[in-house]
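In what follows, a structure is listed as structure tokens, so that the remarks can point back to it.
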Amino acid sequence: MTSELDIFVGNTTLIDEDVYRLWLDGYSVTDAVALRVRSGILEQTGATAAVLQSDTMDHYRTFHMLERLLHAPPKLLHQLIFQIPPSRQALLIERYYAFDEAFVREVLGKKLSKGTKKDLDDISTKTGITLKSCRRQFDNFKRVFKVVEEMRGSLVDNIQQHFLLSDRLARDYAAIVFFANNRFETGKKKLQYLSFGDFAFCAELMIQNWTLGAVDSQMDDMDMDLDKEFLQDLKELKVLVADKDLLDLHKSLVCTALRGKLGVFSEMEANFKNLSRGLVNVAAKLTHNKDVRDLFVDLVEKFVEPCRSDHWPLSDVRFFLSQYAASVHSLDGFRHQTLWDRYMGTLRGCLLRLYHD
Amino acid sequence: MPGKLKVKIVAGRHLPVMDRASDLTDAFVEVKFGNTTFKTDVYLKSLNPQWNSEWFKFEVDDEDLQDEPLQITVLDHDTYSANDAIGKVYIDIDPLLYSEAATVISGWFPIYDTIHGIRGEINVVVKVDLFNDLNRFRQSSCGVKFFCTTSIPKCYRAVIIHGFVEELVVNEDPEYQWIDRIRTPRASNEARQRLISLMSGELQRKIGLKVLEMRGNAVVGYLQCFDLEGESGLVVRAIGTACTLDKLSSPAAFLPACNSPSKEMKESPLVHPPSHGCRSTHNSPIHTATGSRLTQNFSVSVPTLIYTGMGSGSAGKEGGPFKALLRQQTQSALEQREFPFFTLTAFPPGFLVHVGGVVSARSVKLLDRIHNPAFVGIMGNTRSYKLLDWNSFNSDEPETRDAWWAEIRQEIKSHAKALGCHAVVGYSESTSICEEVCILSASGTAAVLNPRFLQDGTVEGCLEQRLEENLPTRCGFCHIPYDELNMPFPAHLTYCYNCRKQKVPDVLFTTIDLPTDATVIGKGCLIQARLCRLKKKAQAEANATAISNLLPFMEYEVHTQLMNKLKLKGMNALFGLRIQITVGENMLMGLASATGVYLAALPTPGGIQIAGKTPNDGSYEQHISHMQKKINDTIAKNKELYEINPPEISEEIIGSPIPEPRQRSRLLRSQSESSDEVTELDLSHGKKDAFVLEIDDTDAMEDVHSLLTDVPPPSGFYSCNTEIMPGINNWTSEIQMFTSVRVIRLSSLNLTNQALNKNFNDLCENLLKSLYFKLRSMIPCCLCHVNFTVSLPEDELIQVTVTAVAITFDKNQALQTTKTHVEKSLQRASTDNEELLQFPLELCSDSLPSHPLPPAKEHLESASSNSGIPAAQRATSVDYSSFADRCSSWIELIKLKAQTIRRGSIKTTVTVEKASPVGDGNFRNRPAPPCANSTVGVVKMTPLSFIPGAKITKYLGIINMFFIRETTSLREEGGVSGFLHAFIAEVFAMVRAHVAALGGNAVVSYIMKQCVFMENPNKNQAQCLINVSGDAVVFVRESDLEVVSTQQPTANCQSSGTEGEVTT
């Protein structure tokens, strides 16, 4: 006796969250059944393995049918085939677009192309995430990217509108899309200590301040690209380190303000010029795409690592950066105050976030 | 020109990409009604076209309005080649033809293609202007309301229940026309869909005409089925109950109509107002009837069993004259009727007086039309049938089929008479077809009805108690309707445990729902009997003979199984009994489902005893006693599980209703014995009689084992196949309707009956287990209206389809009203007891043994007199003796040990519906932040006639849809499971869309009448046909009721997506 056909269709589509998770995690039906057995469900419910197998198959089939709709979530809302309560729809979408930290760290800032897709095998081996799940996550990134790529207006809003994601997840996707678009390097060894959250935080700041949309939301542009004009202008900041007097004045202003308030004052004083040079040079180099990509590498190399080697506590970093940014306003010879604020405001936020072990 | 149909095509969405180059579609729409077609403009390059067409107007006869569906075809425009069809929508405009139903159909409909499934949606608005006077109406049957619901619909009142209406139409199946060889599968499927839709419309119109003739205005319990007879055609047939209904009140005033919730419930179908009375008894003697008749060249009418109940007949003293009067009245009311049948399963209070028992009839027919010499002979009573088209020789068919059914109905009628009943309620008909053999089955419950409802003009609104007061108590329906001294079969009668005045049988089987005011102890449960029998492959007559020879055995065994299982559950009555016999190439399958309950009015069922055949063998004895212990344990466990704790009534009070305990005697009969002895075959199991299973061969062993293998549902789950679960009444509002289909392939090697039985049993049990598992999140819940359908699509395939609804209930909610109610009835019962003390109940003991009734003989005789085919006759009689022999070796009557009756808590089915605060109404309203803009309204579907926690405020019309889906890329669509899963989901979606477009938010009395699945994996092909029906309704949550009633309930149609443009 073999089962040829075995289906269950409810007027309200049944969604088992546990099975959904297993499906999203890319387990085959057999593996999923084994995992469910291990979870003790048979003992709890008194079911048999055959029942579990049939149930799992059924859910997998449903998910498979739903997947097409999940690719365009508004369709899931308007379709008539599956009657799913709104809260469940939201759950389906949210979980489908959720991603693994380990995975996203691997592809963050990489071009979302076919070439990368081939690397998924390696990522899967490295992270222990099933290839299927990697594919799904990668395809999600790519799909979101494709849809919002050419769109005007707020990146987060666009994502939210077209994929019906929660605010939190939409922000994450905005970061992913932003990173992919600007191809920020995140994979270098010295960046390994950074989490996706760190990058996402920076991305948000950059989107808010450094893109065209940040200046004028009516503009015919998007949140995805950095404001080219702004990047060009950043060259002007070079004077802060190039002009010896200005640099000295800046240093003395900062030192005066911070004397006695900083635990690492002497280290700061000794390193000021290096640090300032580092930060300003990063800005000046951003005209080149290559250097844009290396932004995070540079920040870590030029600022985070030196401070860390001197064991600056975070509070000192915060004091220093505030003072460092603010003192520029007192430099009479410096004319690019607004530009400096736009640059340093974001950079300060980023650096504080990046500064940890 | 009595009607103008207006159609507007608004927009489309989610269309498929038809042009690969642009990834877009140039869509336009053809709107066709009858022979008129309109087209919209082509909307270029869009997957979401906005046609916003003008109003297309069709001026049509009302006859066409009833028959024809509106056909909407979406196409992709192609300048150079033929336009490609994207898909179609058929809209039945019937609901627009009654004044009270929907006024407009407006909403998003899935665009359906028989090859690709649903491909996007289209927004359509449909209206009908009927500018004719009422007389005109009467000519066609526009305005007659149809309901699938098998009780008086909730917002109506039955003025008169007229009775049975039936009709059938026949046509050639397009799939078997010569043209099918050259046309595409799509064209063939669409031709079939259109034809069935057309035939359904015609059928409905004709039934409507009959209803008007009877001066009714509605059909309740409308059941339409189609038989795919292959080469010999396609039959669409329908039965129903004609009624004159009165709208209870204007929709705005639905509250006043039922001031208190509990009273309200009374009117709702949930609590079908039954008769008065709750003493039910039932006895299950088997009444064998055999007859073989020749209608066509070949047909065998199979001996049928009647599962009867016994009633108290004329025993009651004061009740006597009144009853006789009643009977006379009823008789006269019913006599004018050809068939006093009612498809209802629940009745207005006072309608049902007594219930006799289940009556059923089956007949095996050959569909072979071509070699049919006898076929002209039976056409005496010609009726006129309008043929749809095609061959004229087809026109003989309706008469043939009609005659077949008439014959079966006649048999049912005579069975009912034999039980002292004038009417049959809970009546239904079905067929099973395999190649050229067709089994026609009909079954129902013999009953005595109150004439008030049956006569024209006599009833003046006194639906309520008046007359009932005179009648016996609420146990009346259990009392035997037949004369005790002239019982149609041997049975054990006792005095009703409730009123103590009338006689009741010991077991009661019925096809109806449990009457609402019946007193039930504990909870009910689903009881199934499952059976397979191998048969040789054969052709034509030989095949039909083989089948008809097997049928009585199957009926018998099914009955035995039911009885055993009922006793094992410690219960004494079955409701909603449905026995399905399915015929396949090489086997017959029998599946009986019913809901077992313990009726307080009936005696406590006896236990089951096992008798060994070779008493000397010690280890064998031990084995037997072991089995016996297991059975006893199971009974005890079940009693606990289902909370069956009948109140303790000492033996003296009851009296001893049973005759002198018989000696434990075995009825032995040899093959050669004449049929006279068959009459001694007494399958009744009186109160005092334990059911004895004799283990004399492996077969019997198997049976005992299978009894014990039925696993009770996990805790928190209950199941039944009736509308409501006896003993549960605090439903909360979460419901989940579902369909589950399983097909298993049998390993063809040496199949034996035992192996087959085991496979089938496992299939059903596993299916149930899967359901319990899947729905575990709803615990505590009850599966209601569990409906199993078995089919045998191929040699080694068994297909089981289940549709049911899971309803949650509140475990803890105590129901004060119910309790007091029960207490009262208990009090009454006990006072009755005292009065009865004086009577030694001798009547019963006298009457019982003296019934050497010869039912089988009678019927055999009638059979021989009727039968024109000697061969068939011979076959039947031979079967009979062996049948009897078998029975005797299995079953005997012995004295029952003292029964244990414990006092305990009692629950009845009087229901108080509580609106749960956590309905999914709330669910729906809670806007999940990102998804708040959902436009798809929720449409509930349920096989029940009510929605828990809600009130039905309007019936919008009948939904009756037929779909075909075919694929030539089975593997790509996920194999058979993927294919069927998607298709059923699509069918649900289309039903919901139609309901939403009518302005409704639920389908009640939903039923999947057919699910025919065929596959050819080698060719990567599969095809499936599904036929569903139900009543589209508007419901309002009870929790919302107050709000709505103050605001005037206009906002019913919260569903469909069309916004403003509806108001033209």
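Name the residues in region A:321-357 that are among the basic types (Lys, Arg) and more than 22 Å from A:Asp298 (Cβ to Cβ), would you? The answer is A:Arg335, and nothing else.
Scanning region B:762-795 for residues that are touching a Pro at 6+ places or on another chain (Cβ under 6 Å) and facing another protein chain (nearest Cβ under 10 Å) yields a single hit, B:Tyr772. Of the helices (runs of 4 or more DSSP H) entirely within region A:90-202, those holding at least 1 residues that are over 16 Å from the mean Cα position of the chain (by Cα) and within 14 Å of chain B (Cβ to nearest Cβ) occupy A:131-149, A:155-163.
When B:Val74, B:Val29, B:Val17 are checked against the criterion of being in contact (Cβ under 8 Å) with a residue 40 or more places away in the chain, farther than 19 Å from B:Lys127 by Cβ and either in a loop (DSSP other than H, G, I, E, B) or touching a strand residue (DSSP E or B) at 6+ places or on another chain (Cβ under 8 Å) (or both), a single residue qualifies: B:Val74. What about A:Met65, is it in contact (Cβ under 8 Å) with a residue 12 or more places away in the chain, under 31 Å from the mean Cα position of the chain (by Cα) and within 10 Å of chain B (Cβ to nearest Cβ)? Taking the combined requirement at face value, the residue satisfies it.
The set of residues from region A:8-59 being more than 8 Å from every other protein chain (Cβ to nearest Cβ), aromatic (Phe, Trp, Tyr) and either surrounded by fewer than 21 Cβ atoms within 10 Å (Cβ to Cβ) or not in a helix (DSSP H, G or I) (or both) comprises A:Tyr20, A:Tyr27.
Selection over region B:738-753 of residues that are within 13 Å of another protein chain (Cβ to nearest Cβ) and surrounded by fewer than 18 Cβ atoms within 10 Å (Cβ to Cβ) gives a count of 5. Taken over region B:956-983, the criterion of being surrounded by fewer than 24 Cβ atoms within 10 Å (Cβ to Cβ), at negative phi and within 13 Å of another protein chain (Cβ to nearest Cβ) is satisfied by B:Leu970, B:Glu972, B:Glu973, B:Val976, B:Ser977, B:Gly978, B:Ala982. Put simply, of A:Leu5, A:Leu108, A:Leu92 the only residue that is surrounded by 21 or more Cβ atoms within 10 Å (Cβ to Cβ), within 22 Å of A:Gln137 (Cα to Cα) and outside the structural domain of A:Leu169 (by the TED database) is A:Leu92.
Taking the condition closer than 30 Å to B:Lys954 by Cα, modelled with pLDDT of 90 or more and either away from chain A (no Cβ under 11 Å) or surrounded by fewer than 19 Cβ atoms within 10 Å (Cβ to Cβ) (or both), does B:Val1034 pass?
Yes; evaluated as a whole, the condition is true for this residue.
For region B:729-737, the criterion of being in a strand (DSSP E or B) and either facing chain A (nearest Cβ under 7 Å) or touching a Cys at 6+ places or on another chain (Cβ under 6 Å) (or both) is met by at least one residue.
Please determine, by comparing only the residues of region A:300-316 that are of a type in the set (A, V, I, L, M, F, W, C) and farther than 17 Å from A:Lys273 by Cβ, which one is nearest to the chain's Cα centre (by Cα).
Across region A:300-316, the extreme among qualifying residues is A:Val300.
Against the list (1) in contact with a Gly (Cβ under 6 Å, 6 or more places away or on another chain); (2) surrounded by fewer than 19 Cβ atoms within 10 Å (Cβ to Cβ); (3) of a type in the set (Ser, Thr, Tyr), the condition B:Tyr112 fails is (2). Among the residues of region B:149-195, those identified as acidic (Asp, Glu) and modelled with pLDDT of 85 or more are B:Glu166, B:Glu167, B:Glu190. Looking across region B:16-70, the residues that are within 17 Å of B:Gly120 (Cα to Cα) and acidic (Asp, Glu) come down to B:Asp19, B:Asp23, B:Asp26, B:Glu30. With respect to the conditions (1) touching a residue at least 40 places away in the same chain (Cβ under 8 Å); (2) part of a strand (DSSP E or B), B:Asn52 falls short on a single one, namely (2).
The values are calculated or read from the model by the stated rules, or taken from the named source; none is laboratory data. What you see is a predicted model; the values in this text were computed from it and never measured. With ideal geometry, Cβ positions are generated from the backbone for all residues, glycine too; neighbour counts draw on all protein chains shown.
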